[in-house]
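Quick note: the coordinates plus some simple rules give every number you see, no bench work behind them. This is a predicted model, so every value here is computed, not measured. No Cβ is skipped: glycine too gets one built from the backbone with ideal geometry, and neighbour counts run over all protein chains shown.
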Amino acid sequence: MQLVRNWFNKISIERIQLELMNTAYGSGHVFLSALDPRCMILWYLFFAIAPWFLSNMIVLAGLFLLMIATTVLSRVSPFIIFVLCLGLVGQVGWLFILSLFFGGDIASALPLLKLTLKLSIVSLASITVFSGMDPERISDGLLALGMPAAFSFSLSYGYRILPVLFEEFRSVLLSYRLRGRAPASPGFLYARLGAYYLKMLVVAFFPLMLATAKRSRTTVEALETRGFSFGMKNPKSRQLKLSHLKVTRRDIAFLSGTAAYAALLFWIGAAYPLAI
């Protein structure tokens, strides 16, 4: 019980908000943040699509090791890694239990292992790009690749507003805790206390949506006052906004190194086929 209590003390709303703010605003010092966002988005598209067409375990394992290296370079928050591992275990775990329920055996875990590798590669590639680069640079990269201005800005805005939403959510929860009454005893396995907090989470959802709508309206009015729609449709304004993007030798070296490593993996996979 003490171990569970220690874990719950570490996983608090304040800690989650701090990790999100560090992810959204503290990525300017990592290696990948200096790369051109257009190159990083194209790099991500390859690793988000290619694993689904691969069945060789050697190639998948090699790509997984590469994603681990890039994740370390992007200095991803441990909280995000924990959420990723929790999602992968939950996603694959219930599929394995379901296969056992319908007459499967331990051999059914091997195809699930391949699925886990594919999901891990795609997830780590996403974390590498979206945690290792500033949201504004990602938005500019999407805009330079031809995506609509509204979509590019919405991605950046949604990424940056997450810490603000958590702050609003924390304020709503604190107000309900001040006006409410917690159970006198936590109950068996903290069931009564857990039900109390789950009820507060459900009740706090509607005020949070109202506060989010109010903030969104204020943001839209401020953007339109400054000429956001006109500026994004004006070619000169778009050119000025994207003038800082430039492909350097570092970008070419990064893409060339990744391509050479992937080619080596495909050559090894063709020489030693290992599929499940």
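Estimated from the Cβ-Cβ distance and a Förster radius of 45 angstrom, the FRET efficiency linking S171 and I268 is about 0.25. Our coupling estimate for the range 64-71, obtained by passing each phi through the Karplus curve with A = 6.51, B = -1.76, C = 1.60 and θ = phi - 60°, is 5, 5, 5, 5, 5, 5, 5, 5 Hz, Gly and Pro reported as x. Residue by residue, the range 87-101 carries 3J(HN,Hα) couplings of x, 5, 5, x, 5, 7, x, 6, 5, 5, 5, 5, 5, 5, 5 Hz when phi is fed to the Karplus relation 6.51 cos²θ - 1.76 cosθ + 1.60 (θ = phi - 60°); x denotes Gly or Pro. For the pair S154 and F53, a Förster radius of 30 Å applied to the C-beta separation gives a FRET efficiency near 0.50, rounded to the nearest 0.05. Residues in the range 47-64, backbone N under 15 Å from the label point at L115 (7 Å along the Cα-to-beta-carbon vector): list them, ranges by number please. 52, by backbone N distance to the label point.
The stretch between I252 and L100, if pulled fully straight at 0.36 nm per residue, gains 49.9 nm over its current Cα-Cα span. Across the range 112-123, rounded Karplus estimates of 3J(HN,Hα) from the backbone phi angles (6.51 cos²θ - 1.76 cosθ + 1.60, θ = phi - 60°) give 5, 5, 5, 5, 5, 4, 5, 5, 5, 4, 5, 5 Hz, Gly and Pro being marked x.
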